[in-house]
Amino acid sequence: MSKTLVAYFSASGVTARLANTLATAVGGDLYEIEPAKPYTSADLNWNNNKSRSSVEMNDPASRPAIAAPVADMEQYDTIFVGFPIWWYEAPRIVQTFLESYDLSGKTIVPFCTSGGSGLGKTPAILQKSCPAARMVSGKRLSGSASASELSAWVKSLGL
């Protein structure tokens with residue numbers, strides 16, 4: 001039997017709400033990708049090019065540390081990975097997450113929340129962090145998407 005994990009990083013709570021709904025809709029386990037050093041409001045100020053988030057996103061090699069690992073990652077076959085779009089891609093901590101495990105043979109489904117930007121090149125960027133996994137193209141979703149909307153989307157993936 002296939003086991004599903006919904007892992008997410010959320011800076012403002014929007015992606016967290018969506019991930020909770022998705023986990024319920026797919027009957028999956030939920031895991032929050034929490035930074036070892038939590039982000040402050042000042043860290044998240046994208047208008048300040050010296051803010052922590054700006055510095056991280058301007059450095060493709062940046063890999064912010066994660067507070068705690070997923071227990072028994074090997075049990076999961078499908079991993080939905082959710083995040084807000086920052087600078088037209090996933091926050092660097094998502095790459096930290098993917099690079100922390102052997103995801104060989106697993107299916108990775110990225111999903112994001114955004115005020116308007118789509119996933120863009122994010123799936124291709126994330127594939128480099130887990131080259132032996134199967135990366136599904138994913139989707140930008142509304143933070144208020146219903147369980148039925150999410151179920152229909154997941155069903156359309158044919159996983």
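The values are calculated or read from the model by the stated rules, or taken from the named source; none is laboratory data. Every value quoted in this text rests on a predicted model; they were computed, and no experiment measured them. Here the Cβ is made from the backbone with ideal geometry for all residues, glycine too, and neighbour counts use every protein chain on show.
Okay, here's what the table says:
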| item | result |
| --- | --- |
| Where a residue in the stretch 104-121 is under 12 Å from MET135 (Cβ atoms) and its partner, wherever it lies, is small (Gly, Ala, Ser) and part of a loop (DSSP other than H, G, I, E, B), with Cβ under 6 Å and at least six apart | LYS106/ALA133; ILE108/ALA133; VAL109/GLY138; PRO110/GLY138; LEU119/GLY138 |
| Among residues of the stretch 93-119, those that are within 22 Å of ALA68 (Cα to Cα) and either among the aliphatic types (A, V, I, L, M) or out of contact with any Ser or Thr (no Cβ under 9 Å at 6 or more places or on another chain) (or both), counted | 10 |
| Qualifying residue in the stretch 52-67 (condition: part of a strand (DSSP E or B) and surrounded by fewer than 21 Cβ atoms within 10 Å (Cβ to Cβ)) | yes |
| Inter-residue pairs, beta-carbon under 9 Å, first free of Cβ contacts under 8 Å to residues at least 24 places away in the same chain and in the stretch 28-44, second of a type outside the set (A, V, I, L, M, F, W, C) and assigned to a strand (DSSP E or B), 6+ apart | none |
| Odd one out for SER10, checked against (1) in a loop (DSSP other than H, G, I, E, B); (2) free of Cβ contacts under 8 Å to residues at least 40 places away in the same chain | (2) |
| Number of the exception - GLU74 against (1) of a type outside the set (S, T, N, Q); (2) touching a Pro at 6+ places or on another chain (Cβ under 8 Å); (3) surrounded by fewer than 20 Cβ atoms within 10 Å (Cβ to Cβ) | (2) |
| Residue within the stretch 82-101 that is over 15 Å from the mean Cα position of the chain (by Cα), touching a residue at least 12 places away in the same chain (Cβ under 8 Å) and farther than 26 Å from ASN45 by Cβ present | no |
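Listed here are the residues, each with its yes/no results for (1) surrounded by fewer than 18 Cβ atoms within 10 Å (Cβ to Cβ); (2) modelled with pLDDT of 95 or more; (3) assigned to a loop (DSSP other than H, G, I, E, B); (4) hydrophobic (A, V, I, L, M, F, W, C).
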{"position": "MET1", "(1), (2), (3), (4)": "yes, no, yes, yes"}
{"position": "VAL6", "(1), (2), (3), (4)": "no, yes, no, yes"}
{"position": "THR15", "(1), (2), (3), (4)": "no, yes, no, no"}
{"position": "ASN20", "(1), (2), (3), (4)": "yes, yes, no, no"}
{"position": "ALA23", "(1), (2), (3), (4)": "no, yes, no, yes"}
{"position": "TYR31", "(1), (2), (3), (4)": "no, yes, no, no"}
{"position": "LYS37", "(1), (2), (3), (4)": "yes, yes, yes, no"}
{"position": "ALA42", "(1), (2), (3), (4)": "yes, yes, yes, yes"}
{"position": "ASN45", "(1), (2), (3), (4)": "yes, no, yes, no"}
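Residue-wise test of (1) farther than 21 Å from VAL136 by Cβ; (2) small (Gly, Ala, Ser).
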residue	(1), (2)
THR40	yes, no
ASN48	yes, no
SER51	yes, yes
VAL55	yes, no
ASP59	yes, no
ALA67	yes, yes
ILE93	no, no
